[in-house]
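*Asks:* Got a structure for you, written out below as structure tokens; questions coming shortly.
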Amino acid sequence: MKNLSPDEIYELFEKIHSKLVEEFPEGTVRFTNSNKLTTAYIPHEAYIERLNDVCGPFWSFVRNGEAKIHRNEKLVEVSGVLRILDAERDGTGFHKFNVNEKGDIINLNYAIRSAKSDAIRDACDLFGMGWKDLHKFRKGEKVTSVPESSMSGRECIKCRNPLSNEDIQELKKLNVDIDFCRKDIPPHFYNHKR
Ligand SMILES: [Zn+2]
């Protein structure tokens, strides 16, 4: 990379980026269906595969310090930086863990790995990856305005928007104790619902 000029790096990034944001193969988008609300998402495996295919050795994800354990919420949080050439985007990811009767965390390493994959997915979204696929499903979502009276005084830990009653109901249903709006509930949380 060192013998490329800034212009050349920019050009290379443009080339790579246009491939990153291409539509994913058919069938990549998955749906979670709960409470009349359908959420479309792309599994993190698809993002990572795309990064490997398009960027090869020119991408990396570096964690910001240790994973955070939210004991009460039974959640692991990982944040880090996705780097593609010289471009960087932050990502934050979450995963649930289970505890045994003694209160020890079971499978913490797995939870951290999964939270890290979720963080990569989050950062990929900031590069615009998957937008073409998800756009059609997300369209209607933003239009729904939340009436003032339904504001709860709680806010989403990711986007900082106030939680609506619908958001809170959804969290209850999924048994998630951490405040996410519905848009930001990590998609894999739906798989843990039993
Ligand atoms: Zn949010």
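No value in this document is a laboratory result; all are computed from the given coordinates. Quick caveat, the model's predicted, so the values are computed rather than measured. Cβ sites come from the backbone with ideal geometry, for glycine too, and all protein chains shown count toward neighbours.
*Asks:* Could you sort the peptides 117-129, 55-67, 80-92 by per-residue average Cβ neighbour count (10 Å cutoff), highest mean leading? Intermediate values should be presented prior to the final figure.
*Replies:* Numbers: 117-129: 21.5, 55-67: 13.5, 80-92: 17.4.
Averaged packing, sorted descending, gives the order 117-129, 80-92, 55-67.
*Asks:* Now for a different question. Tell me which residues come under 5 Å, amide H to amide H, from Glu155 once H is placed; ignore anything under 5 positions away on its chain.
*Replies:* Leu163
*Asks:* Right, here's the next one. How high is the relative contact order of the chain, given as a whole-number percent (alpha carbon pairs under 8 Å, six or more residues apart)? Mind showing how you got there, number by number?
*Replies:* Details: 280 pairs, mean separation 34.8, N = 194.
Averaging sequence separation for qualifying contacts and normalising by length gives 18 percent for the chain.
*Asks:* Taking the Cα of Arg63, stepping 7 Å toward and past its beta carbon, and measuring to each backbone N in region 104-139: which are under 13 Å?
*Replies:* From region 104-139, the list is 108-120.
*Asks:* Given the C-alpha atoms of region 28-139, compute the convex hull and give its volume per residue in Å³. Walk me through the numbers before you get to the answer.
*Replies:* Values: hull volume 13.9 nm³, N = 112.
With only Cα atoms used, region 28-139 gives 124 Å³ per residue.
*Asks:* Moving on. Suppose every K and R has +1 on its Cβ and every D and E has -1 on its Cβ; what is the size of the dipole of the chain about the Cα centre, in Debye to the nearest 20?
*Replies:* So the magnitude is around 660 debye.
*Asks:* For the chain, place one equal point scatterer on every Cα, skip the solvent, and apply the Debye formula. What is log10 of I(q)/I(0) at q = 0.19 Å⁻¹?
*Replies:* The computed values of log10 I(q)/I(0) come out as -1.39.
*Asks:* Additional query: Using helices alone, I'd like the mean residue ellipticity at 222 nm for the chain: each DSSP H run of four-plus residues gives -39500 (n - 2.57), total over residue count, nearest 500.
*Replies:* On the way: 5 runs with 64 residues, N = 194.
That calculation yields -10500 deg cm²/dmol at 222 nm.
*Asks:* Also, I was wondering about something else. Across region 124-135, in residue order, what do the Karplus-derived ³J(HN,Hα) couplings come to in whole Hz, using 6.51 cos²θ - 1.76 cosθ + 1.60 with θ = phi - 60° and x for Gly and Pro?
*Replies:* Going residue by residue, I get 4, 4, 6, 7, x, 5, x, 5, 4, 6, 8, 3 Hz, with x marking Gly and Pro.
*Asks:* If you fit an axis through the alpha-carbon atoms of helix 165-174 and take the longest principal axis of the Cα set of the chain, what angle between them do you get, 0 to 90°, nearest 10?
*Replies:* Computed tilt is about 90 degrees.
*Asks:* Okay, next question. Specify which residue in the list Ile185, Thr92, Ile42 is farthest towards the positive end of the charge dipole of the chain, using unit charges on the beta carbon of Lys, Arg (+1) and Asp, Glu (-1), about the Cα centre.
*Replies:* Ile185
*Asks:* Provide the gained length on full extension for the span Trp131 to Glu88, in nm with one decimal, where the gain is 0.36 nm per separating residue minus the Cα-Cα distance. Write out the running numbers ahead of the final one.
*Replies:* On the way: separation 43, 0.36 × 43 = 15.48 nm, distance 1.81 nm.
Working it through step by step, the gained length comes to 13.7 nm.
*Asks:* If you don't mind, there's one more thing I want to ask. Looking only at region 174-191, which residues have a backbone nitrogen under 20 Å from a spot 7 Å from the Cα of Thr38 in the C-beta direction?
*Replies:* 182-191
*Asks:* With each pseudo-label sitting 7 Å past Cα toward Cβ, what's the Glu11-Arg30 distance in nm, one decimal?
*Replies:* With each label placed 7 Å out from Cα toward Cβ, I get 4.1 nm.
*Asks:* Beyond 31 Å between alpha-carbons counts as too far, so tell me which of Lys19/Lys74; Lys15/Lys74; Lys68/Lys172; Lys19/Lys172; Lys136/Lys172 fall in that bin.
*Replies:* Working: Lys19/Lys74 37 Å; Lys15/Lys74 41 Å; Lys68/Lys172 22 Å; Lys19/Lys172 39 Å; Lys136/Lys172 27 Å.
Beyond 31 Å: Lys19/Lys74; Lys15/Lys74; Lys19/Lys172.
*Asks:* In whole Hz, with x marking every Gly and Pro, tabulate ³J(HN,Hα) for region 88-94 from phi via Karplus 6.51 cos²θ - 1.76 cosθ + 1.60, θ = phi - 60°.
*Replies:* So the J values, rounded to whole Hz, are 10, 9, 7, x, 10, x, 9.
*Asks:* Can I ask one more? Just to verify a number: FRET efficiency for Asn165 and Ile48, C-beta to C-beta distance, R0 = 35 Å, to 0.05?
*Replies:* Efficiency for this residue pair is about 0.50.
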